[in-house]
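Here's the structure we're looking at; comments come further down.
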Amino acid sequence: MVSSLHHPAGSLASGPWTLELTPERAGWTYSGLRVLELPAGGTHEWRTGDEEMAVLALAGSGCEIDCDGLTATLAGRPSVFSGPSDFVYAPRDATVTVRATEPVQLALASARCDNRLKPRYVPAADVPVELRGAGQCSRQVHNFCAAGVFPADRLIAVEVITPAGNWSSYPPHKHDEDRPGEESELEEIYYFELSGQPPHERGAVGFHRVYGTDERPIDVLAAVRPGDVVCVPHGWHGPSTAPPGYHLYYLNVMAGPSADRAWLIRDDPDYGWIRGQWPDQEIDPRLPIGGAR
């Protein structure tokens, strides 16, 4: 039986959205994610309402976005494994119009928020790329809307690429309590893609683990495929595993009640020692993937 926290590709399709995960649909308060696919010549308009959004191309290019006086053309990218994408930040209470001159697949990472900021465009060259971990825990992080990198009200969003055979979101960690300076309360969404070498794209599958504490039990071990989503309302989460032969991508969307917009995590004490091994290991030489800086 599939956990209600694991949503296979297509199960959250609604209207124009190939994926629509609102806070209400997730069963929480702040974090959301939508995916929109447009053909060449396609258009779509929506209101952000009480959510701020980061709009980026998962795949495709030639997409013009209008947002309350800001007009920007997304250069996009061939795929999520081609390096970071440029993006548009759309504040709450805004009207957004997208016009596609080429086929495009867009992700709209969102957070319910209080303050209305200005719409902005950020080119891909300005997205910080971080190589995190070491050895088989090496991964690549695109910090396009990370706390301390890009100013937003509540939204935190990053992309992670895990090379084939590696583990990420490891050691398992959590962020479901407000512990000043130690841990912040954040709802988290994982959106997955996988990449295999042609003609072996079919059958790609990774795995993602979520487990709870005695006080707040939760138990998810999901076989994740391209387009799948896993929600993490609380509990320890990790690892996300990339099978041999297939790189694993996930888009993380996080938001919570704190006005500080801090991303503070606490490692599962049974596994935190693993970080101590990294200084003696090399970063995976396959990184960076996709021509990232």
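The values are calculated or read from the model by the stated rules, or taken from the named source; none is laboratory data. Everything numeric here is computed off the predicted structure, so don't read it as measured data. Glycine gets a Cβ as well: all are built from the backbone with ideal geometry, and neighbour counts include every protein chain shown. Just the protein is used for accessible areas: all its heavy atoms, side chains included, with ligands, DNA and RNA removed. Shrake-Rupley method; radii C 1.70, N 1.55, O 1.52, S 1.80 Å.
Couple of notes before you dig in:
- Residues of the range 133-143 include at least one that is open to solvent by less than 10 Å² (accessible area, probe 1.4 Å) and more than 18 Å from the chain's Cα centre (by Cα).
- Looking only at the range 174-192, and only at residues there that are of a type outside the set (Asp, Glu) and at pLDDT 95 or above, the one that is surrounded by the most Cβ atoms within 10 Å (Cβ to Cβ): Leu186
- All conditions but one from (1) touching a helix residue (DSSP H, G or I) at 6+ places or on another chain (Cβ under 9 Å); (2) in contact (Cβ under 8 Å) with a residue 60 or more places away in the chain; (3) under 28 Å from Thr29 (Cα atoms) apply to Gly83; the one that does not is (3).
- Residue selected from the range 144-173 under the condition among the small types (Gly, Ala, Ser) and over 21 Å from Pro244 (Cα atoms), by the criterion surrounded by the fewest Cβ atoms within 10 Å (Cβ to Cβ): Gly148
- Checking each residue in the range 19-53 for being outside any loop (DSSP other than H, G, I, E, B) and without any contact (Cβ under 8 Å) to a residue 40 or more places away in the chain picks out Glu20, Glu24, Arg25.
- Residues (in contact (Cβ under 8 Å) with a residue 60 or more places away in the chain and either in a strand (DSSP E or B) or among the β-branched types (Val, Ile, Thr) (or both)) located in the range 186-207: Glu187, Glu188, Ile189, Tyr190, Tyr191, Glu193, Ser195
- Residue under evaluation Ser195, criteria (1) at pLDDT 95 or above; (2) closer than 29 Å to Met53 by Cβ, criterion not met: (1)
- Taken over the range 104-127, residues that are buried (at least 16 other Cβ atoms within 10 Å of the Cβ) and free of Cβ contacts under 8 Å to residues at least 60 places away in the same chain amount to 6.
- The strands (runs of 3 or more DSSP E) found entirely in the range 226-277 include none that carry 1 or more residues being farther than 16 Å from Phe207 by Cβ, in contact with a helix residue (DSSP H, G or I) (Cβ under 8 Å, 6 or more places away or on another chain) and among the acidic types (Asp, Glu).
- Output for the range 6-39, where each listed residue is over 25 Å from Gly60 (Cβ atoms), open to solvent by 30 Å² or more (accessible area, probe 1.4 Å) and of a type outside the set (S, T, N, Q): Glu24, Arg25, Gly27, Trp28, Tyr30
- For the range 208-224, a residue qualifies if it is part of a loop (DSSP other than H, G, I, E, B) and surrounded by fewer than 16 Cβ atoms within 10 Å (Cβ to Cβ), and the qualifying residues are Thr213, Asp214, Glu215, Arg216, Pro217.
- In the range 245-263, the residues that are polar (S, T, N, Q) and either over 29 Å from Gln197 (Cβ atoms) or open to solvent by 30 Å² or more (accessible area, probe 1.4 Å) (or both): Ser258
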